[in-house]
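Computed from the coordinates by the stated procedures, all read-outs in this text should not be read as laboratory data. Computed from a predicted model, the values in this text were never measured in an experiment. Here Cβ is always computed from backbone atoms with ideal geometry, including for glycine, and neighbour counts include all displayed protein chains.
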Amino acid sequence: MALLSVKGVNKRFGGLQALGDVNLDVKENTCHAIIGPNGAGKSTLLNVLVGKLIPDSGSVVFDGQSVLGRKPHQINQMGISRVFQTPEIFADLNVMENMLIPCFAKRDGAFRMHAFESVRHEKSMIEKAEAMLDEVNMLDKREMLASSMSRGDKRRLEMAMCLVQEPRLLLLDEPTAGMARADTENTIELLKMIRKERGITMAIIEHDMNVVFSLADRITVLAQGTPLVEDTPDNIKGHPKVREAYLGE
Ligand code: ADP
Ligand code: MG
């Protein structure tokens with residue numbers, strides 16, 4: 001059975017059909033990549049999955065429960081965490097304070113800046129955050145101000161903020177966008193490690209084919225809001241429709 005099942009989802013912005021009859025199943029313990037040209041509807045689809053956008057029609061079921069009609073923080077509490085296209089961290093807080101916010105949100109719902117103050121003396125939360133920072137090799141940066149970190153480290157922190165919530169499904173929107181090669185390689189290794197050690201199911205939007213082919217078990221190609229083809233990475237590589245529509249051949 002699929003952990004996440006999207007059926008017949010449509011979303012219009014005025015005259016533009018951003019998503020047209022999208023069907024997508026993400027199986028437990030797999031990494032499912034969604035690729036497609038700019039404007040294909042990838043981010044729109046992710047926004048529907050996390051409750052930031054309400055589709056015009058269709059259904060989204062996570063672990064047997066409908067996601068539609070729930071608020072983003074409720075969907076987050078159901079076990080879906082998301083890494084945004086541009087890192088959403090709190091620039092004026094240090095690394096540890098940032099980490100405590102999702103810990104709080106998992107329990108109490110609100111994902112807001114001063115949430116860390118409510119949990120900063122809770123030993124179990126702090127230990128959890130420290131263990132996660134250690135896992136992503138950032139424990140030595142726990143006192144560092146988020147705004148002063150490199151782009152790669154901000155990404156790493158954001159990823160750790162998702163993982164500390166122990167999600168069952170991790171959604172990633174272009175996690176390596178704008179990264180230098182070395183940071184991209186580090187991100188691939190981090191995501192591989194997460195999968196191996198934690199068995200977290202992932203859906204990843206990514207334009208870097210090296211990242212996609214390193215991680216994905218299944219790939220869906222989205223074009224003009226509609227899935228063009230879904231297959232294994234090997235089959236996608238050789239697919240004539242994909243080469244034509246996406247790889248520009
Ligand atoms: P992708 O992430 O694949 O590049 P998006 O999902 O961001 O594509 O966008 C799909 C299409 O929907 C684009 O044509 C985009 O301009 C449009 N779009 C996205 N969000 C909105 C919005 N909030 N209002 C109007 N149009 C939007
Ligand atoms: Mg996008």
Quiz item: Amide H of SER57: which non-local residues (sequence gap of 5 or more, or other chain) have their own amide H closer than 5 Å, using H built in the peptide plane?
Solution: ASN10
Quiz item: Given Cα pairs under 8 Å that are at least 6 residues apart, what percent is the relative contact order of the range 95-166?
Solution: 42 percent
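Note down the relative contact order for the range 37-193 as a percent, whole number, built from C-alpha pairs under 8 angstrom at least six residues apart.
Numbers: 189 pairs, mean separation 44.0, N = 157.
Across the range 37-193, relative contact order equals 28 percent.
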Quiz item: Restricting to the chain, what percent of DSSP beta bridges are antiparallel, rounded to 5?
Solution: 55 percent
Quiz item: What FRET efficiency would be calculated for the residue pair GLN224, GLU197, taking the C-beta separation as r and a Förster radius of 41 Å, to the nearest 0.05?
Solution: 0.60
Exercise. Take the Cβ-Cβ distance between GLU244 and ALA91 as r, set R0 to 51 Å, and report the resulting FRET efficiency rounded to the nearest 0.05.
Key: 0.75
Quiz prompt | Whole-number percent relative contact order across the range 26-105, with pairs defined as alpha carbons under 8 Å at least 6 apart | solution = 18 percent
Quiz prompt | Whole-angstrom Cα spans of the range 1-121 along principal axes, big to small | solution = 48, 31, 26
Exercise. Between ASP234 and MET144, with labels modelled 7 Å along Cα→Cβ, what's the label distance in nm to one decimal, could you check?
Key: 4.0 nm
Quiz prompt | Spatially proximal lysines relative to LYS128 (Cα-Cα < 30 Å; intrachain offsets below 8 disregarded) | solution = LYS27, LYS52, LYS71, LYS106, LYS141, LYS154, LYS192, LYS196
Self-check item: Approximate spin-label separation GLN65-LEU16, in nm, with each point projected 7 Å along Cα-to-Cβ
Solution: 3.3 nm
Quiz item: Working out 0.36 nm times the residue gap between ALA180 and ASN137, then minus their Cα-Cα distance, what length gain in nm do you get to one decimal?
Solution: 13.6 nm
Quiz item: So what J values fall out for the range 163-171 if you push phi through Karplus, 6.51 cos²θ - 1.76 cosθ + 1.60 with θ = phi - 60°, rounded to Hz, Gly and Pro as x?
Solution: 5, 5, 7, 6, x, 8, 10, 10, 9
Quiz item: Which ³J(HN,Hα) values in Hz, rounded to whole numbers, follow from the phi angles of the range 147-160 under the Karplus curve 6.51 cos²θ - 1.76 cosθ + 1.60, where θ = phi - 60° and Gly and Pro get x?
Solution: 5, 8, 8, 5, 4, x, 5, 4, 4, 4, 4, 4, 5, 4
Self-check item: Inter-site label distance for ASP217 and ALA110 at 7 Å from Cα along Cβ, in nm
Solution: 3.9 nm
Quiz item: Quick one: ILE75, ILE34, fewest Cβ neighbours within 10 Å first, how do they rank?
Solution: ILE75, ILE34
Quiz item: About its Cα centre, how strong a charge dipole does the chain have in debye, to the nearest 20, once Lys and Arg get +1 and Asp and Glu get -1 at the Cβ?
Solution: 520 debye
Quiz item: Which stretch or stretches of the range 195-215 have amide N atoms under 15 Å from the point lying 7 Å from ARG151's Cα along the Cα→Cβ direction?
Solution: 207-208
Quiz item: Could you give the radius of gyration (one decimal) and Dmax (whole number) of the Cα atoms in the chain, in Å?
Solution: 18.0, 57
Quiz item: Taking the Cα centre of the chain as the origin and placing charges on Cβ (Lys, Arg +1; Asp, Glu -1), which of MET161, GLY199, GLY41 is farthest toward the positive end of the dipole?
Solution: GLY41
